[in-house]
Amino acid sequence: MKMQAFELEWTAKMMDAIIPPGVENDFPKSASDTGAVKVLEELVRYTPFFTALGLRAAIWFIEILGPLLSGRLRRFSKLDPAGRVQVLAKMYQSKIYFIRQMVLLVKMTACFGWGVDPETRRGIGVTDPPRFVTRSKP
Amino acid sequence: MSGNYIGRVWDRAANGAIVADADYVVIGTGPSGATAAKVLTEAGHEVAMLEEGRWVRAEEFDGSSFTAQKKCYRELGTVAAMGKNMIPIIQGRCVGGGSVINAAIIWRMPRDVFERWVRDFQLSDALAWKEMEAAFDLLESDLNVRPVAPEVMGRHNALLLEGANKLGLESRIIPRNEKGCQGLAQCTSGCPIKAKQSTDLIYVPWALEKGARLYHSCRAERIQVETGRAVAVLARFEDPLTGEPRGTLTVRARKGIVVCASPIQTPCLLWRSGIGRSSGHLGKHFTGHPGAGLICIYPDEVRLWEGATQGWDSEHFRKEWKVKFEALGMHPDLLTSRIPGIGAEFKKNVLDAKRMGNVGCAMVSQAEGRVRPMGKNAYVSFSVSDEDVFNLRRGLKKIAEIMVAAGAESIVPNIFGLPAKIGKDQLKLFDDAPLDPQCYTMVMTHMFGTCRINPDPKKGVVGPDFQVHDTKGVFILDSSIFPTNLGVNPQHTIMAVAQVGAKKIASQ
């Protein structure tokens with residue numbers, strides 16, 4: 001299943017609300033500055049039909065209904081960055097399990113992309129090449 | 001991939017279809033399938049191995065979890081058990097199966113579990129403890145099993161050992177199947193230096209060198225049965241990621257078909273083939289070790305991405321509380337997804353990443369679920385029991401106590417209903433954590449049941465000769481035949497049972 005360009009744009013805005021640019025000097029990049037959106041796009045492309053459908057449904061739910069849960073009458077992608085963070089933060093703390101899971105899903109995929117970015121890894125303190133021991137095979 | 005296996009390894013049918021035959025067809029190349037193939041080949045039988053996933057080379061592992069998920073995990077890691085909560089199920093799908101993506105933890109089967117199997121499920125004709133011990137000895141030699149060396153222990157493992165010792169809890173430095181581990185903490189995303197002695201590096205090449213054949217990227221669709229006896233496997237080559245078709249395979253089995261496809265795929269294959277249903281137990285009794293993790297923050301750097309992925313564990317509470325604890329190192333792509341917060345708050349929390357420790361609490365679940373085929377895939381229904389969640393909660397509290405004894409300043413519980421971060425003096429908050437499974441972020445890594453073994457055809461799918469009761473020539477050697485879960489990491493027991501079972505099959 002293939003995601004449409006507008007769905008990828010929505011996804012980028014959701015991921016950037018979770019992992020915004022700047023904020024901490026150690027981590028200047030946002031999620032969409034890395035390969036995070038592609039992670040979700042590939043998940044939708046390569047997972048079985050119903051899984052892919054569920055992933056897309058989560059994106060549509062956040063885009064259309066997410067803001068309503070915070071009493072906002074605009075779509076998620078039309079909100080300003082601060083509003084997007086507030087919507088996702090509220091969903092993340094929702095008493096309804098599936099609403100929390102939707103945000104968690106987007107966050108996990110965002111982290112898969114953001115967390116492997118060399119700049120993020122350096123900011124976190126991962127040395128490259130890794131600081132492992134040299135040990136010969138017995 | 002190493003060695004010269006030209007003419008013995010296929011990932012497609014160049015002319016659209018391959019028709020072949022063998023004494024035994026082994027479906028699956030994970031811990032059980034590879035062991036079975038090795039034993040049967042050594043006994044002089046002609047063996048054809050079928051594997052749904054690819055043969056992934058170590059050079060393809062770049063340390064990214066998502067890369068590994070695309071290449072080695074079933075459905076890119078999105079398989080989940082559906083019930084009161086959604087529990088992702090981690091399954092390998094590549095040559096080597098789960099052994100490629102696990103953390104190489106070796107546990108001999110607990111003697112009390114074995115005795116329960118013999119007593120409650122009448123397995124004395126199928127398995128003898130002496131045979132199991134001999135199998136463990138052989139496997140430990142073949143797979144170079146040894147405790148984590150001090151130089152690759154990693155601080156996160158060492159601290160937990162210290163914390164458990166302070167509390168007087170039994171725990172250990174984990175023995176692992178590895179040769180030359182450099183402490184990259186990349187076990188779950190594939191070892192890039194071939195240190196982990198997974199079955200794609202050990203038993204699959206052994207079998208190939210002794211004349212076996214391997215068909216990978218090849219999904220077994222159905223077992224063909226004629227007059228009550230299985231005679232062939234009908235399979236389809238396809239790109240494991242994209243599903244692009246690459247031809248068909250028919251392998252006729254002169255002596256038997258050994259199914260080692262996992263407790264999720266094995267019952268589905270049997271179901272689609274009309275095999276094993278007469279018992280009324282096919283696909284039932286699915287269980288495992290679902291678990292949840294706890295993060296702590298130490299005053300100094302711990303660097304979860306350095307050292308053995310899993311170098312410390314404890315089964316102190318396995319019998320009483322039905323939980324097991326294990327350290328779990330990870331790289332930032334996985335770790336950050338467990339760090340609380342959205343937006344600026346999340347990024348601020350990530351600043352603590354290098355001081356974080358992480359421990360998983362695996363439940364010896366008392367619940368049972370069910371597996372049914374759903375198209376090419378499977379539907380798994382499973383809900384943890386109330387007792388499981390109670391055990392999980394007290395297990396997590398004990399882990400927090402170990403972390404604090406090891407010097408942790410605060411705990412990140414990742415439990416909905418508790419604060420995002422709690423101080424080391426606030427551990428009593430765990431006592432009030434909700435007992436709703438939806439409040440925990442769980443994952444399941446070890447699966448059992450669904451084709452349970454029992455001498456009575458009304459009580460099990462497989463008999464003590466490891467043959468399906470209602471169809472001659474179909475044998476099952478994976479953990480789908482296990483009548484209960486183990487409470488410890490199962491690879492070693494799975495391989496030992498496969499070793500014992502394959503020897504019996506080979507001598508028939």
Item to check | Tail weight of P(r) past 17 Å, computed on alpha-carbon pairs of segment B:222-279, percent | outcome: 46 percent
Checklist outcome for this item: For peptide B:348-360, the mean count of other chain Cβ atoms within 10 Å per residue Cβ is 3
Next on the checklist: For the ranges B:250-262, B:374-386, what's the packing order if you count other beta-carbon atoms within 10 Å of each residue, average per peptide, and put the highest first?
Outcome noted: B:250-262, B:374-386
Checklist outcome for this item: XL table A:LYS107/B:LYS179; B:LYS84/B:LYS348; B:LYS130/B:LYS472; B:LYS70/B:LYS196; B:LYS472/B:LYS503; Cα-Cα > 26 Å flagged, in table order, is A:LYS107/B:LYS179; B:LYS84/B:LYS348; B:LYS130/B:LYS472
Checklist entry - Hey, any idea what Rg/Rh is for segment B:334-408, computing Rh the Kirkwood way over Cα pairs? => result 1.12
Checklist entry - Which whole number gives the average, over all residues in A:17-28, of C-beta atoms from other chains lying within 10 Å of the residue C-beta? => result 4
Item to check | Rounded D (µm²/s) - chain A, Kirkwood Rh over Cα pairs, Stokes-Einstein at 10 °C, 1.306 mPa s | outcome: 99 µm²/s
Checklist entry - If you keep only loop residues by DSSP, which trypsin sites (Lys or Arg not before Pro) in segment B:282-329 have at most 16 other Cβ atoms within 10 Å of their Cβ? => result B:LYS319
Next on the checklist: If you take each beta carbon of peptide B:85-91 and count the beta carbons of other chains within 10 angstrom, what is the mean?
Outcome noted: 1
Next on the checklist: For segment B:253-357, take N as its residue count and report Rg(C-alpha) divided by 2.2 N^0.38 Å.
Outcome noted: 1.66
Checklist entry - So how far, in whole Å, is the C-alpha centre of segment B:419-489 from the one of segment B:27-98? => result 18 Å
Checklist outcome for this item: Note on chain B: contact order normalised by length, alpha-carbon pairs under 8 Å, 6 or more apart, percent, works out to 24 percent
Checklist entry - Going by Cβ distance under 4.7 Å, what cysteines of the protein assembly as shown have no possible disulfide partner? => result A:CYS111, B:CYS181, B:CYS187, B:CYS191, B:CYS218, B:CYS260, B:CYS268, B:CYS296, B:CYS361, B:CYS439, B:CYS451
Checklist entry - For chain B, what log10 I(q)/I(0) values come out of the Debye formula at q = 0.06, 0.10, 0.14 1/Å, with one point per alpha carbon and no solvent? => result -0.26, -0.73, -1.41
Checklist outcome for this item: Of B:73-81, B:287-295, B:153-161, ordering from highest average Cβ density within 10 Å down gives B:287-295, B:153-161, B:73-81
Next on the checklist: My understanding is that a pair violates if its Cα-Cα distance is over 19 Å; which of A:LYS29/A:LYS78; B:LYS71/B:LYS210; A:LYS29/B:LYS347; A:LYS90/B:LYS428; B:LYS166/B:LYS397; B:LYS324/B:LYS459 do that in this structure?
Outcome noted: A:LYS29/A:LYS78; B:LYS71/B:LYS210; A:LYS90/B:LYS428; B:LYS324/B:LYS459
Checklist entry - Among all the aspartates and glutamates, which ones have a C-alpha under 19 Å from B:LYS421's C-alpha, if same-chain residues fewer than 8 places away are not counted? => result B:ASP300, B:GLU301, B:GLU345, B:ASP352, B:GLU401, B:GLU409, B:ASP431, B:ASP432
Checklist outcome for this item: Over all directions, the protein assembly as shown yields a Cα convex hull whose mean projected area in nm² is 26.6 nm²
Checklist entry - By counting other Cβ atoms within 10 Å of each Cβ, how are B:GLU170, B:GLU238, B:GLU409 ranked from fewest to most? => result B:GLU170, B:GLU409, B:GLU238
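Values in this text are rule-based calculations from the coordinates and carry no lab data. Computed from a predicted structure; not experimentally measured. Counting neighbours? That spans all protein chains shown, and the Cβs are built from the backbone with ideal geometry, glycine included.
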